[in-house]
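Asks: Have a look at this one before I ask anything.
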Amino acid sequence: MAGKKSSKERVQDAIDALGLNSQVVTMPDSTRTAEDAAAACGCAVAQIVKSLIFERHDNHHLVLLLIAGNNRADLDLAAGVIGSTLDRADPKKVRAETGFAIGGVAPIGHLCEMEVYMDPDLLQFETVWAAAGAPNAVFKVEPQALAKAAGAKTLSLD
């Protein structure tokens, strides 16, 4: 398929289009886990943005949770904020609808629209690192700029 962009290229295009002033970086080793990503990026695990995709139970639409690398997604809290319980999304559905495979899901550059919610713990940092379309690709960004670019609501009861 000539002319088809890679997932990493799609993320870089989204970074540029959204004015995020960042570059996709390909690491020599996997950044699939938050711990691996933090080691590769030279940052705290809490500065890693985990992009977790779930499916709303009520309408089966995908929902993206951007969670600090040291936190676990609180699905009960999320359900209260979102208005639906969340189910684990099928990896094939994630790939078909977002264009990303599990392990490289970026917070931006999806092929589809979806609700996005961000862990407020990410907002305490000057910069965070997020997946960029492949298990070894990341980009560095200001968390407030990422939240705005992704259209993310804060995942908080406040």
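Asks: Consider Lys8 against the criteria (1) within 21 Å of Asp119 (Cα to Cα); (2) within 16 Å of the chain's Cα centre (by Cα); (3) buried (at least 17 other Cβ atoms within 10 Å of the Cβ): it satisfies all of them except one. Which criterion is unmet?
Replies: Unmet condition: (1).
Asks: Going by the conditions given, is Glu55 among the acidic types (Asp, Glu), farther than 23 Å from Phe125 by Cα and either at pLDDT 90 or above or within 17 Å of the chain's Cα centre (by Cα) (or both)?
Replies: So Glu55 fits the description; yes.
Asks: To continue, here is another question. Can you name the residue in region 46-63 that is hydrophobic (A, V, I, L, M, F, W, C) and within 15 Å of Pro143 (Cβ to Cβ) and, of all such residues, is surrounded by the fewest Cβ atoms within 10 Å (Cβ to Cβ)?
Replies: Only one residue fits best here, namely Ala46.
Asks: Residues in region 23-37: is at least one at pLDDT 95 or above and surrounded by fewer than 15 Cβ atoms within 10 Å (Cβ to Cβ)?
Replies: Yes; the residues of region 23-37 include at least one that is at pLDDT 95 or above and surrounded by fewer than 15 Cβ atoms within 10 Å (Cβ to Cβ).
Asks: Filter region 137-148 for residues that are of a type outside the set (Phe, Trp, Tyr) and surrounded by 21 or more Cβ atoms within 10 Å (Cβ to Cβ) and give the result.
Replies: Listed by number, the residues that qualify are Ala137, Val138, Val141, Pro143, Leu146, Ala147.
Condition check ((1) farther than 13 Å from Ala152 by Cβ; (2) buried (at least 20 other Cβ atoms within 10 Å of the Cβ); (3) at pLDDT 95 or above) across all residues:
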{"site": "Lys92", "(1), (2), (3)": "yes, no, yes"}
{"site": "Ile102", "(1), (2), (3)": "yes, no, no"}
{"site": "Val105", "(1), (2), (3)": "yes, yes, no"}
{"site": "Ile108", "(1), (2), (3)": "no, yes, yes"}
{"site": "Pro120", "(1), (2), (3)": "no, no, yes"}
{"site": "Phe125", "(1), (2), (3)": "yes, no, yes"}
{"site": "Ala130", "(1), (2), (3)": "no, yes, yes"}
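Asks: Among strands (runs of 3 or more DSSP E) lying entirely in region 112-155, which contain 1 or more residues that are within 19 Å of Lys5 (Cβ to Cβ)?
Replies: 128-131, 137-141
Asks: Another question, then. Quick check: is even one residue across region 142-153 out of contact with any strand residue (DSSP E or B) (no Cβ under 9 Å at 6 or more places or on another chain), touching a residue at least 12 places away in the same chain (Cβ under 8 Å), of a type in the set (S, T, N, Q) and under 16 Å from Asn21 (Cβ atoms)?
Replies: Yes.
The values are calculated or read from the model by the stated rules, or taken from the named source; none is laboratory data. Since the structure is predicted, the reported quantities are computational estimates derived from the model, not experimental observations. Every residue, glycine among them, receives a Cβ derived from its backbone with ideal geometry; neighbour counts consider all protein chains shown.
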